[in-house]
Structure formats: C-alpha cells, structure tokens
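Have a look at the structure below, then the notes.
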Amino acid sequence: MTTEHLTTQPAPASGPSVHVVRARKLLLGGLAGGAAATVLCVVIFGVLSGLTGLLSALVGGGIVLAFYTVGQYVMVRTADAGARTLMIVSMTSYFARFCIVGMFLLLVARRGAAWAALDSTAVTASAVAVVVGWLAVEIFVFSRLRISAYDTEYVSPAASGDRAPAVSGDGR
C-alpha cells in the first residue's frame, strides 16, 4: 500500500501550489548565487588572464549555470508529485548534474592544452565557484522557507464538547 497520494496536494485555482512556490524560490536563489559567482570569476580571471581568462570563466560558469538551472527547473515541474516520485526525480537530477559537469571538467583537464582559447584553471575554478555559490545561496533560501508542520492543532476536550462526567466530591 502506498501513501504517495496522501502527500500530493492539488494546486489551488488561484495560482501555483506552495510546493511549486518553494521550488521556484530555490531555483531563483540558486541562480542568483551561481550568477554572482560567475560574475566574480569573470572579473577575477579577466583581470588575471585577460580575454582568455574572461572567456574561460564564462565557459565554466555558463556550463554549470545551464545544467543547474535545467536540473532545478525539473524540480519545479515535479514539485507537486508524491514523495517517492519527488525523491527519485531529485536524486536523478542531482546525479545527472554532477556527472555532466564532472565529465565537462574532465574533458577540459584532459584536452585543455589543445584548446588555446581556454585556460583550464579558469574554467575549473569558475565551475567549482559557481557550484559552491549556487548551493550556498540555495541552502540559505531553504533555511528561510516556511514549511508548515502537518500536526493538527491541539484542541482540549473541554473545547471540543466531549466533557468527562463530573465526579462528585464524595467519590460517587
């Protein structure tokens, strides 16, 4: 027996569900952190290595931003799914992002010398900085989300109308 249907809430007619709103906040927060890290890397490597460093930082940051944005957008699209489905999608999404960005960095490390227009150090450092920036702001945004508890509010027996029978002072 599955309880997946119990955790899925339909979207209200007035707008997106609370789950979609939360996933969008995580997407926008991560994108802001990743973009800030990209800009910082572009400036730093542009000053240190000129046009080659600037372009390399753009490539490294851009690749990470693209894959992380797509991966988090998948999370926004599936935010109203059941708990089991959401876990499978999120783990697959993070694994795919990790593998694709890792393969890209491995390719740059192995073939970087053949690409005169790319500085492999700038590409790698920018990619790592963007991942860290994305995750740091995403964690910050997550820590500020208001996630309601699913416990029902306590109602005392007196308030609910279920009164216990009165006991007389002599124990009868």
Out of S126, S156, S120, S143, I need the residue that is surrounded by fewer than 10 Cβ atoms within 10 Å (Cβ to Cβ), within 30 Å of V43 (Cα to Cα), of a type in the set (G, A, S) and at pLDDT 70 or above. Which one? S143
Which residue out of L58, L51 is without any contact (Cβ under 8 Å) to a residue 12 or more places away in the chain, more than 12 Å from A129 (Cβ to Cβ) and over 14 Å from the mean Cα position of the chain (by Cα)? L51
Restricting to segment 50-66, name every residue that is under 15 Å from L105 (Cβ atoms) and surrounded by 19 or more Cβ atoms within 10 Å (Cβ to Cβ). S56, A57, V59, G60, G61, I63, V64, L65
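In this structure, does A79 turn out to be assigned to a helix (DSSP H, G or I), of a type outside the set (S, T, Y) and more than 15 Å from A35 (Cα to Cα)? Outline the logic, then answer.
Values: assigned to a helix (DSSP H, G or I): no; of a type outside the set (S, T, Y): yes; more than 15 Å from A35 (Cα to Cα): yes.
No: the conditions fail for A79.
The values are calculated or read from the model by the stated rules, or taken from the named source; none is laboratory data. These numbers were taken from a predicted model, which means no experiment stands behind them. So basically every Cβ, Gly included, is an ideal-geometry build from the backbone, and we count neighbours across all protein chains shown.
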